[in-house]
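Quick notes on the structure that follows.
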Amino acid sequence: MADQLNKKELLRSVQQILQSRGESLEGFPPTEGPFLMKSYKDRGFAIWGERLSSYNDILVNLLRYRPIADRWSEKTLDDRLGRWIADLLFMERELTAAELKENIDELLRELEEAEVREETYYFVIENLHLKDGLEIGRVKLQPLQEGKYAELSEAIAAIVDRNPHYSENQKRQQKEHFLSLLQRGFEPRNLPETVAEVCLSLPDHNKGHEIALVKVNEVLHVLRFLGRFIYSPRQRVDIGLRGDISRALRIHFSVAPDLSIFHMKGERVGPHYPYELYNEHLEHLQRIGLSKIGNILLKEPNQRSPLERRLVNSIVWISKATQDPFDEDKFLSLCISMESLLCRDEKEAVAKTMAERLAFLLSTDPEKRRNIYKKGRKIYNIRSRLAHEGKPEKDEDVSNHLPYASHYAEASTLNLLQLMTEKEWTTFEQFAEWIEELKFGSKIEEEPSTNSPSAIIS
């Protein structure tokens, strides 16, 4: 993402598009190869070849420019750019380079200074059961009840009624249409459900939806991660946006060719239990670090410290491991979590570095550190065999070491969260230096105590 925009490059790309105005307005796209057609009320155009490449270059450059990319979605920006190009193509005469520069500056000002509008974005989360409201980062969570559905229905009806361009019949049709969609998306169903709300101020509702969805998914990842300290994996507790979770009875059926016998086997898929967040659960999660993680999520991703970004990334991969159906996929996700959290770059010997940092991060006892180091090396070796050869050296390697990988990933994430909060670390280098001081015996404060309910596996 850039804070500066190359206007000379923009000008060249626009000039390239405008070079063959007649062909863009009256010509037909080629039968082979990519092309772009834009059609508006009273005008339209088609471009292909080098002009299409120039159009895409403009769009990519705008999306890389932070003051615009932070406010506009690709979909909306593509539409605005297409309309602007159409206006230029339909002008009665060709513009000079100076006039084109003025037009480009005006477009950029409109995009950068467009008036913002506050909107609240709503998402339904399945299988999450709350008794009261909860805030994590910028996301408000509330139980989905009939009252919320009625509140949103009234809001939609009021907005449609205030539209001066609709006749009474059109208003009735619009309300029926939108309320039918709302009913399908927000009416409470059999699974416990929660509504997530994110309030944002932006000029583009499409961009707002993108950002809100990212924030809600971050909260889902955090809850799946912390759920590991409330529920056993065998309980199969999962949460997701409506439609992500399916709970059903899967039937497997077999019949002998001579019709002498048949077999039927039932298998329940989906979560077995709801993810309940009552006061006793929340108190436990607060002790582990829910508030600390929530404070990180309050920040926009580009405002988080390098260490905070690593921590969130580690949580995301642990969350993905909880959803992976196969042990091999879980194992790889957990290894990615540890690698991304504990290793600096490709120049480091990853297996040795990851194992050492795990050992010093998870224990102060020399013997336990040695055991964690050995297990850490073995975990990374299994990961390498899976990634490069598709299978471990022994069939039982993954199942035997998956509990260690799971615990090490979770405990290292929580311990680093505790350390970076206590010591006010912001960079990975501060953590790496702390490990080096521990390794070589420099005088250093004791490691922080962790509130993880699990004992260190060694």
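The values are calculated or read from the model by the stated rules, or taken from the named source; none is laboratory data. Quick caveat, the model's predicted, so the values are computed rather than measured. Heads up, the Cβs are rebuilt from the backbone with ideal geometry, glycines too, and the neighbour counts pull from every protein chain shown.
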(message) For the range 107-166, give me the residue count where each residue is acidic (Asp, Glu), within 23 Å of the chain's Cα centre (by Cα) and within 30 Å of residue 83 (Cα to Cα).
(response) 2
(request) Would you check which residues across the range 211-241 are surrounded by fewer than 17 Cβ atoms within 10 Å (Cβ to Cβ) and either hydrophobic (A, V, I, L, M, F, W, C) or in contact (Cβ under 8 Å) with a residue 60 or more places away in the chain (or both) and list them? (result) 213, 214, 233, 241
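Would you mind finding the one in 83, 51, 66 that is of a type outside the set (A, V, I, L, M, F, W, C) and surrounded by 15 or more Cβ atoms within 10 Å (Cβ to Cβ)?
51 is the lone residue from the list that is of a type outside the set (A, V, I, L, M, F, W, C) and surrounded by 15 or more Cβ atoms within 10 Å (Cβ to Cβ).
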(request) Tell me which residues, restricted to the range 384-400, are surrounded by 13 or more Cβ atoms within 10 Å (Cβ to Cβ) and within 28 Å of the chain's Cα centre (by Cα). (result) 384, 386, 398
(request) Answer yes if at least one residue in the range 370-382 is farther than 19 Å from residue 317 by Cβ, assigned by TED's automatic domain parsing to the domain that holds residue 313 and not in a helix (DSSP H, G or I), and no otherwise. (result) no
(request) Considering only residues that are without any contact (Cβ under 8 Å) to a residue 24 or more places away in the chain and in contact with a helix residue (DSSP H, G or I) (Cβ under 7 Å, 6 or more places away or on another chain), look in the range 132-160 and name the one that is nearest to residue 181 (Cα to Cα). (result) 157
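The rows are residues; the columns are (1) more than 23 Å from the chain's Cα centre (by Cα); (2) surrounded by 11 or more Cβ atoms within 10 Å (Cβ to Cβ); (3) without any contact (Cβ under 8 Å) to a residue 40 or more places away in the chain.
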| residue | (1), (2), (3) |
| --- | --- |
| 244 | no, yes, no |
| 250 | yes, yes, yes |
| 268 | yes, yes, yes |
| 271 | no, yes, no |
| 280 | yes, no, yes |
| 285 | no, yes, no |
| 297 | no, yes, no |
(message) Being at pLDDT below 90, of a type in the set (Lys, Arg) and not in a strand (DSSP E or B) is true for just one of 175, 207. Which residue is that?
(response) 175
(request) Specify which of the listed residues (100, 111, 77) is farther than 22 Å from residue 203 by Cα, in contact with a helix residue (DSSP H, G or I) (Cβ under 7 Å, 6 or more places away or on another chain) and surrounded by 15 or more Cβ atoms within 10 Å (Cβ to Cβ). (result) 100
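Taking the condition among the small types (Gly, Ala, Ser), surrounded by 13 or more Cβ atoms within 10 Å (Cβ to Cβ), modelled with pLDDT of 90 or more and over 30 Å from residue 303 (Cβ atoms), does residue 137 pass?
Details: among the small types (Gly, Ala, Ser): yes; surrounded by 13 or more Cβ atoms within 10 Å (Cβ to Cβ): yes; modelled with pLDDT of 90 or more: yes; over 30 Å from residue 303 (Cβ atoms): no.
No; evaluated as a whole, the condition is false for this residue.
Can you tell me which residue in the range 178-204 is farthest from residue 71 (Cα to Cα), limited to those that are at pLDDT 90 or above and polar (S, T, N, Q)?
Initial filter on the range 178-204 (at pLDDT 90 or above): 194-204.
From the residues that got through so far, the ones that are polar (S, T, N, Q) too are 194, 201.
Working: 194: 28, 201: 9 Å.
Among them, the one singled out is 194.
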(message) Out of everything in the range 321-363 that is charged (D, E, K, R) and free of Cβ contacts under 8 Å to residues at least 60 places away in the same chain, what residue ends up being farthest from residue 437 (Cα to Cα)?
(response) 324
(request) Report, ordered by the first and then the second residue, all pairs with beta carbons closer than 6 Å, sequence separation of six or more or different chains, a first member in the range 66-92 that is under 15 Å from residue 109 (Cβ atoms), and a second member that is not in a helix (DSSP H, G or I). (result) 71/202; 71/203; 72/204
(request) Would you confirm whether any residue within the range 387-405 is at pLDDT below 95, charged (D, E, K, R) and not in a loop (DSSP other than H, G, I, E, B)? (result) yes
(request) Please enumerate the residues belonging to the range 229-278 that are of a type in the set (D, E, K, R) and modelled with pLDDT of 90 or more. (result) 276
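Going through the range 412-424 one residue at a time, which ones are assigned to a helix (DSSP H, G or I) and either in contact with a Cys (Cβ under 9 Å, 6 or more places away or on another chain) or more than 22 Å from residue 384 (Cα to Cα) (or both)?
Pass one, the range 412-424, residues assigned to a helix (DSSP H, G or I): 412-423.
Of everything in the range 412-424, those that are assigned to a helix (DSSP H, G or I) and either in contact with a Cys (Cβ under 9 Å, 6 or more places away or on another chain) or more than 22 Å from residue 384 (Cα to Cα) (or both) turn out to be 414, 415, 416, 417, 418, 419, 420, 421, 422, 423.
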(message) Need the failing condition index for residue 132 against (1) within 30 Å of residue 236 (Cα to Cα); (2) in a helix (DSSP H, G or I), just the number.
(response) (2)
(request) Please list, ordered by first then second residue, the pairs with beta carbon atoms under 8 Å, 6 or more apart or interchain, first in the range 382-395 and under 13 Å from residue 331 (Cβ atoms), second modelled with pLDDT under 85. (result) none
